[in-house]
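Heads up, the thing below is written out as C-alpha cells.
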Amino acid sequence: MSYDRALTIFSPDGHLFQVEYAQEAVRKGTCAVGICGKDSVVLGVEKKAALKLQDSRTMRKIHRLDEHIFIASAGLVADARVLVDMARVECQNHRLTIEDPPSVEFITHYIASTQQRYTQSGGRRPFGISTLIVGFDPDNTPKLFQTDPSGIYYQWKANSIGRNSQTVREFLEKHYTQDISEEDGIKLAVKSLLEVVQTGAKNIEILVITKDGSRTPDVNEIESVIAVIEAEKAEEAEKKSSRRPPQQS
C-alpha cells in the first residue's frame, strides 16, 4: 500500500509521509535566522535575487502580524501568505475581544494549532512551511518561537530554518552568548547567514525589534557589518599564521 498517498493514514512504522514531505519542502526553502537578545530580537533572512524587471518589494520574507510581533518563514511562499493572513485576523480578534495585544506565545500557539489541523483530516495537505515568530510581550520581554509543518512549536534563544539550517544552528550554538546586545545580534545574524549566502548584503534582509518598535537596516549598514566581519576574519587568519613555527629547510 502507498502510505504517502493519504494524509490521514500512518505507515506501519508510525510515519505520516505527507508531513515529512512538507518538512522536506522547508529544508529546500531559503534560510531564516532568529536571535533573541537582552533587549532586542533580530530576524535575518536570505532573499532570492530579484529578476531585472521584477519589483523586489513584492518579494517579502518577513511579515508583521501585529505592532509588536513579526514572522519569517522557510518553505512554500504561498502557504506562508495564507498562514500570515489567518494569524493577522487572530491578532485583531484578540485585541477586539480581550482589549489587549496578544502575547507572542499566544499567536505562536494559534499558528501551530492551525498547522496541526491541516495534518489530521483528509481533503487537504499540510502547510509546507516552518516559521520563526518574534516579538515583545506586554511585559517587554523579548521572545523567539519556531513552528514546523507538524504543528509543534518551541521557544528558542537562537535558531534557524530552511536550507542548511543544521549548519547555521551549529554556528549559532558556538557563537551565541546570553543577553547578547542589539549590535552583536545583528552581527551574529549576518555572520550566520553568510554561511549559506554567497552574494553578500544584497541578498540579506535584517529586521531588529525592540520594545520601542522595529527597524530594517539598509544595504549600506549590512555591508558595513560584513566589512567588520571580514576584517575580523583576516585578523584572526593573520594571528594563526604568525603562530606557526617556521619551516626548516
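The values are calculated or read from the model by the stated rules, or taken from the named source; none is laboratory data. Just so it is clear, the structure is predicted and the values come from calculations on it, not from any experiment. Methodologically, a virtual Cβ is constructed for each residue, glycine included, from the backbone with ideal geometry; neighbour enumeration extends over all protein chains shown. The accessibility values were calculated without ligands, DNA or RNA, using every heavy atom of the protein model including side chains. Shrake-Rupley method; radii C 1.70, N 1.55, O 1.52, S 1.80 Å.
The table below gives the values:
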read-out: Flag if T199 is of a type in the set (S, T, N, Q) and closer than 24 Å to E105 by Cβ; value: no
read-out: Region 198-228, subset of a type in the set (S, T, N, Q) and either in a helix (DSSP H, G or I) or touching a helix residue (DSSP H, G or I) at 6+ places or on another chain (Cβ under 8 Å) (or both), residue most open to solvent (accessible area, probe 1.4 Å); value: N220
read-out: Residue list for region 39-59, filter: within 19 Å of I133 (Cβ to Cβ) and surrounded by fewer than 17 Cβ atoms within 10 Å (Cβ to Cβ); value: D39
read-out: Residue within region 160-183 that is farther than 12 Å from I35 by Cβ, among the basic types (K, R), under 16 Å from the mean Cα position of the chain (by Cα) and assigned to a loop (DSSP other than H, G, I, E, B) present; value: yes
read-out: Qualifying residue in region 33-41 (condition: within 30 Å of V208 (Cα to Cα) and more than 16 Å from the chain's Cα centre (by Cα)); value: yes
read-out: Verdict on K233 being closer than 25 Å to G135 by Cβ, assigned to a helix (DSSP H, G or I) and not small (G, A, S); value: no
read-out: Residue satisfying all of: in region 114-157; on the phi > 0 side of the Ramachandran plot and part of a loop (DSSP other than H, G, I, E, B); least open to solvent (accessible area, probe 1.4 Å) among these; value: G151
read-out: Count of residues meeting criterion [open to solvent by 50 Å² or more (accessible area, probe 1.4 Å) and either part of a helix (DSSP H, G or I) or more than 22 Å from P138 (Cβ to Cβ) (or both)] in region 87-109; value: 11
